[in-house]
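To start, the structure under review is shown below, and the notes come after it.
The values are calculated or read from the model by the stated rules, or taken from the named source; none is laboratory data. These numbers come from a predicted model, not from an experiment. When we count neighbours, we look across all protein chains shown, and the Cβ atoms used for this are built from the backbone with ideal geometry, even at glycine. Ligands, DNA and RNA are excluded from the accessible area calculation, which covers all protein heavy atoms including side chains. Shrake-Rupley method; radii C 1.70, N 1.55, O 1.52, S 1.80 Å.
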Amino acid sequence: MARIAYYREWRPQTFDEVVAQEQVVFPLRQSVVKGAIGHAYLFSGTRGTGKTSLARIYAKAVNCLDIQDGNPCNKCEICVAINEGTLLDVIEMDAASHNSVENIRRMADEVLFAPVYARYKVYIIDEVHMLSGGAFNALLKTLEEPPAHAIFILATTEPHRIPATIISRCQRYDFRRIPQTEVTKRLRLIADSYDIDIADDALITIAALAEGTLRDAISLLDQSATGIEGRITRDSLLNLVGLVDDDFLAEMAEAIITKQVDKILLLVEQLTMSGRDLTQAVIDLARYLRNVLICQISRQPERIIQVTARSLEKLILLSKQIKNKALIDLIQGLSSLLNELRWTPDMRTSLEIGLMRLVGEIPQSTGVDELPSIDEGES
Ligand SMILES: [Zn+2]
């Protein structure tokens with residue numbers, strides 16, 4: 001039997017299981033408890049924050065035969081059929097591939113028929129911003145006079161692309177990125193349930209890499225559990241995803257801040273030999289220096305940067321060795337270096353020259369700047 005991906009297995013099945021979206025979960029659940037069901041909802045927010053999962057939970061909750069304090073029971077025939085995706089009265093539509101006027105007209109015709117098994121016919125339209133202008137008009141007509149048995153849940157990552165006339169017909173709920181601490185907690189729960197041996201700082205790293213997207217975080221945990229033998233550490237994880245580890249970044253940052261040219265060249269050598277992606281290394285370095293900057297300007301950097309105590313100590317130490325303006329110049333310099341690296345035939349040399357320029361070993365006006373580059377016409 002094929003292994004089920006963790007993400008599918010850990011998809012929330014009740015309102016209580018949804019992670020960190022109280023501003024959406026509470027009112028939706030209340031509407032079920034009070035029987036105040038709306039006809040049109042708009043769920044907006046970044047991908048992987050639980051919009052579709054919550055739409056399915058709502059579809060179950062309004063139709064469940066044995067509702068438990070607003071939560072669907074997941075045991076009755078209706079809940080089971082929705083979980084299996086076989087209930088005819090809950091229709092999921094991907095607007096990215098069904099965006100035409102005909103698609104929506106057909107749906108508008110079907111919606112008039114009463115539900116077959118359930119109380120409500122629920123239409124979940126994903127990526128709704130992809131609908132054509134004509135399709136939006138057709139949808140608007142339906143939303144203006146929806147049959148009593150119909151509920152529309154429109155989900156989108158780009159609410160600004162939806163006509164105001166549609167939005168004004170919907171109860172709107174905004175899903176936010178999930179805080180790293182919440183993601184980390186959830187990952188720990190999942191890891192423990194499968195007996196995955198993983199270090200705390202590795203979990204924090206996964207949460208940071210996923211940038212508030214629980215789905216990505218769980219997939220990455222899945223990937224590292226399969227791809228790493230033995231205990232998953234932060235280093236083995238970074239190795240797996242091809243990122244540079246913190247100790248290396250700290251060394252490189254220090255060498256740049258203290259302008260140790262030989263050290264910089266040596267580290268570039270190490271980096272090249274390790275086979276890491278040099279462009280990614282520059283991105284990582286810029287992020288690292290951004291964290292140094294946070295330590296410089298924030299009184300409580302630990303609330304903004306999620307790293308281990310040891311890494312934080314190092315960041316704070318570095319933040320005291322450089323002036324604010326020089327640090328910002330460095331970060332901006334890395335950003336333009338990144339652009340150059342995208343076009344260069346010899347990454348290593350360009351990286352070396354770029355870093356030398358950053359520490360002032362090579363004047364700004366000479367070097368690679370004068371070489372013709374492909375994107376010259378744009379600048
Ligand atoms: Zn049920």
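Among I91, I153, I178, which one moves the most in a GNM of the chain with springs linking Cα atoms closer than 10 Å?
Top of the fluctuation ranking is I91.
Kirkwood hydrodynamic radius, segment 180-241, all distinct C-alpha pairs: what's the number in Å?
11.0 Å
Are there any trypsin sites (Lys or Arg not before Pro) in segment 1-78 that are in a DSSP loop and have at most 13 other Cβ atoms within 10 Å? List them by number.
Qualifying residues, ordered by number: R3, R47, K75.
Figure the gain on full extension for I304 and L112 (residue separation times 0.36 nm, minus the Cα-Cα span) and round it to one decimal in nm.
So the extension gain works out to 64.1 nm.
GNM, the chain, Cα, under 10 Å: largest mean-square fluctuation among V241, V292, V90?
Among V241, V292, V90, the largest GNM mean-square fluctuation belongs to V241.
Taking every pair of Cα atoms in segment 246-360, average 1/r, invert it to obtain the Kirkwood radius, and report Rg/Rh to two decimals.
0.96
Cα to Cα, under 21 Å, and not fewer than 8 places away if on the same chain: which lysines meet these conditions relative to K34?
Straight-distance partners of K34: K60, K121.
Taking N as the number of residues in segment 188-319, what is its Cα Rg relative to 2.2 N^0.38 Å?
1.11
Based on DSSP H assignment, which helices of the chain show an axial Cα extent of at least 24 Å together with a mean Kyte-Doolittle hydropathy greater than or equal to -0.5?
For the chain, where a helix must reach 24 Å along its axis and average at least -0.5, the hits are 278-297, 324-343.
What do you reckon, how do S224, S311 stack up by accessible area (1.4 Å probe), largest on top?
S311, S224
Amide H neighbours of L154 under 5 Å, at least 5 residues apart or on other chains, H built in the peptide plane: list them.
Y41, L42, F43, I125
Straight-line reach from K263: which lysines have Cα under 24 Å away, leaving out those fewer than 8 places along the same chain?
Those lysines meeting the cut-off are K314, K320, K323, K325.
Under 14 Å Cα to Cα from K185, which aspartates and glutamates show up? Leave out anything in the same chain fewer than 8 places away.
Those aspartates and glutamates meeting the cut-off are E17, D200, D201.
I'd like the antiparallel share, as a percent to the nearest 5, of DSSP beta bridges with both residues in the chain.
Counting only bridges with both partners in the chain, antiparallel ones make up about 5 percent.
Quick one: Cα centre-to-centre distance for segment 12-80 and segment 302-347, in angstrom?
Segment 12-80 and segment 302-347 have Cα centres separated by 43 Å.
Hey, can you find the accessible area per residue of the chain for me, probe 1.4 Å, expressed in square angstrom?
With all protein chains present, the chain gives 51 Å² per residue.
Based solely on its DSSP helices, what 222 nm [θ] is calculated for the chain when runs of n ≥ 4 H residues each add -39,500 (n - 2.57) and the sum is averaged over all residues, nearest 500 deg cm²/dmol?
Roughly -16500 deg cm²/dmol at 222 nm, from the helical runs in the chain.
First measure r as the distance between the Cβ atoms of L312 and N339, then evaluate 1/(1 + (r/R0)^6) with R0 = 30 Å and state the FRET efficiency to the nearest 0.05.
The value I calculate is 0.50.
May I have the pair-distance distribution P(r) for the chain, computed from all Cα-Cα distances with 20 Å bins from 0 and rounded to whole percent?
Cα pair-distance distribution for the chain, in percent: 24, 42, 29, 5.
Considering only C-alpha atoms, what is the centroid distance from segment 158-175 to segment 253-286, in Å?
Value for the Cα centre distance between the two parts: 46 Å.
What GluC sites (Glu not before Pro) in segment 182-281 are in a loop by DSSP, with at most 12 other Cβ atoms within 10 Å of the Cβ?
Filter output for segment 182-281: E229.
May I ask for the longest run of the chain untouched by chymotrypsin sites (Phe, Trp or Tyr not before Pro) that are loop-located per DSSP and have at most 15 neighbouring C-beta atoms (other than their own) within 10 Å?
Of all site-free stretches, the longest is 195-379.
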